[in-house]
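Note sheet for the following structure.
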Amino acid sequence: MIYGVVGFKTHAKMMLILRRESGEIVRYAHLGTGNYHAGNAKLYTDYSLLTSDEALCEDVSKLFSQLIGMGKTLRMKKLLHAPFTLKKGILDMIARETQFASDGQPAHIMAKINSLTDPKIIRALYKASQCGVKIDLVVRGMCCLRPGVPGVSHNIQVRSIIGRFLEHSRIYYFYNGGEEQLYLSSADLMERNLDKRVETCFPIEGKRLILRVKKELETYLTDNTQSWILQPDGRYVRHTPSGNQHHRSAQATLLEKLTSLTPVR
C-alpha cells in the first residue's frame, strides 16, 4: 500500500503488473483517464491503455518508486507526469503548433477535458489562435477561456457534451506537422491538477490506435443534439440540427460502435 506524497493528491490512475511467462518476468502497465471504480465504469466515459511497451512500463515503475521513496524526480522516457513535466510538456506542444502556423504550415489542436482554468495554458492557446492554429475543445465543465473573440481566440471553438453518460476522458491531440501525436491523461488543464497533484499523461502510439481515438474525438465535434457551444460572452447555446440535417449524438454513435467493435491489435 502506497500512501503517496504529503501535500500532493495522487490522482494518477495506473497499475503495474508483473507476470512470469516462459520462465521470465514480463511487465504490463495499465493507465487510465478515470478511477478504478465499478460504479464510475457504468456512468462515466473514460479511456484506458493496457500495454507491455517496455519504455512505458519502466516509466510507470519509476513513478511508483518515486511515490514510495520520495526521492529526486526520475527522468521518464514517454510518460508526462505532474507536478513535474506535464504542464511544460503541454505548453511545449502548444508552442510547437504555434510555430507551425507561424511558418504557414497546417496546425491543429484538439482536446477533450473536464475543465480548463490554468492561466498559462489559456494564454498559450490564445497565442496559438492568433497565429492561425485551429483549436477544437470539448470542455464538459468549467472553462475560463473565451472562444471566438476577434483577434484573440477567433480560431478556437469550445463545446460541452451533456448526455446519458458523464464525459470524463482527457484527450490531447496535436497535428505536429503531419506526425500526429495523441495523449490520454488523468489530468485536466487546471492549476490544481498540473501543479498540486500527481498525474499521468501517456502517449497513444501506432497509427491505428491514434486514428481510432482521433475519429472518436471528431465524433464529439459533430454532435448536434447534446452539445452546447460556448459563446464569446460566456453564454452556452445548444447546438440543434437545422433543415434537413441528421441528428448526431456522439454518445449514441459510440454505443452503436461498441456493440460491433473489433479489438485493435
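Readers should treat all values here as calculations from the given coordinates under stated rules, not as data from a laboratory. Just so it is clear, the model here is predicted, and its values are computed rather than measured. Backbone-built Cβ (ideal geometry, glycine too); neighbour counts: all protein chains shown.
General observations
- DSSP-loop GluC sites (Glu not before Pro) across region 179-251, with at most 12 other Cβ within 10 angstrom: Glu179
- Rounded if a/c under 1.5, otherwise prolate or oblate - region 70-146, Cα gyration tensor axes: oblate
- What the phi angles of region 106-122 give under the Karplus curve with 6.51, -1.76 and 1.60, with θ = phi - 60°, is a coupling list of x, 8, 8, 10, 10, 8, 10, 9, 8, 8, 9, 9, 5, x, 5, 5, 4 Hz, glycine and proline written as x.
- Order of Cys131, Cys57, Cys201, Cys143 - criterion: other Cβ atoms within 10 Å of each residue's Cβ, fewest first: Cys131, Cys57, Cys143, Cys201
- Taking Cα centre as origin and charging only the Cβ of basic (Lys, Arg, +1) and acidic (Asp, Glu, -1) residues, the dipole magnitude of the chain rounds to 360 debye.
- Build a GNM of the chain with springs between Cα atoms under 10 Å apart, and of Asp195, Asp59, Asp103 the one that fluctuates most is Asp103.
- Relative contact order (%) - the chain, alpha-carbon pairs under 8 angstrom, separation at least six: 19
- Order of Thr33, Thr98 under a 10 Å beta carbon neighbour criterion, fewest first: Thr98, Thr33
- Percentage of interatomic Cα-Cα distances in the chain larger than 24 Å: 51
- Counted by neighbouring Cβ atoms within 10 Å, the residues Phe100, Phe64 run from fewest to most as Phe64, Phe100.
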